[in-house]
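J.: The following block contains the structure, expressed as structure tokens.
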Amino acid sequence: MAFIAGPVPTEFERLLTATAAGFERDLRQAWPATEGSADTLRFVVRDEAASLQIDVAPAGVRRLGLFELPQLVVRYRFTRGDEAARRSLLTQLDRAMQKGGG
């Protein structure tokens with residue numbers, strides 16, 4: 001989870017290993033009321049205190065030997081909510097989308 005020690009900004013970017021369709025599947029599993037789609041490359045997530053617009057853009061493939069991993073630039077932009085509301089929504093979303101690992 002990001003921004004543990006500092007404030008959650010209104011806009012930031014992450015590079016993920018995913019496709020737009022895979023990101024949509026995981027996002028809808030984490031937040032069923034998500035608006036938008038991988039076809040439009042834009043999603044909106046809302047709760048009672050904050051709104052988050054998420055834009056995605058394919059960023060090519062990362063190769064590790066013969067292994068290929070799709071890359072996705074994910075831009076987060078809060079359109080509503082103070083810092084506490086942003087932190088709450090992002091914490092819930094990050095926890096719900098967290099994958100296994102160590």
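None of the figures in this text is laboratory data; all of them are computed from the coordinates on show. This is a predicted model, so every value here is computed, not measured. Don't worry about glycine lacking a Cβ; one is built from the backbone with ideal geometry, like all the others, and counts go over all protein chains shown.
J.: With angles folded into 0 to 90 degrees, how steeply does helix 20-30 sit against the dominant principal axis of the chain? Use alpha carbons for both and round to 10.
T.: Here the helix axis deviates by roughly 40 degrees.
J.: If the chain between ASP26 and GLN92 were fully stretched, how many nm would it gain, using 0.36 nm times the residue separation less the Cα-Cα distance?
T.: 22.4 nm
J.: While we're on this one: Counting only helical runs of four or more DSSP H residues, what would the 222 nm mean residue ellipticity of the chain come to if each run contributes -39,500 (n - 2.57) and the total is spread over all its residues?
T.: -8000 deg cm²/dmol
J.: Let me ask something else. Using 16 Å as the cut-off for backbone N distance, which residues of segment 57-90 belong to the label zone defined by a point 7 Å from the Cα of THR10 along Cα→Cβ?
T.: 76-87
J.: In what sequence do LEU15, LEU66, LEU93, LEU52 fall when counting other Cβ within 10 Å, fewest first?
T.: Listed from fewest to most nearby Cβ atoms, that is LEU66, LEU15, LEU93, LEU52.
J.: Here is a further query. In degrees from 0 to 90, rounded to the nearest 10, what is the angle of the helix 83-97 Cα long axis to the longest principal axis of the chain?
T.: Roughly 40 degrees, rounded to the nearest 10.
J.: Give me the percent relative contact order of the chain, please, defined on Cα pairs under 8 angstrom at least 6 residues apart.
T.: 33 percent
J.: Give me the percent of DSSP beta bridges within the chain that run antiparallel, rounded to the nearest 5.
T.: If we restrict to bridges inside the chain, about 100 percent are antiparallel.
J.: Full extension from LEU64 to ALA33: what is 0.36 nm times the residue separation minus their Cα-Cα distance, to one decimal in nm?
T.: My answer for the length gained is 7.6 nm.
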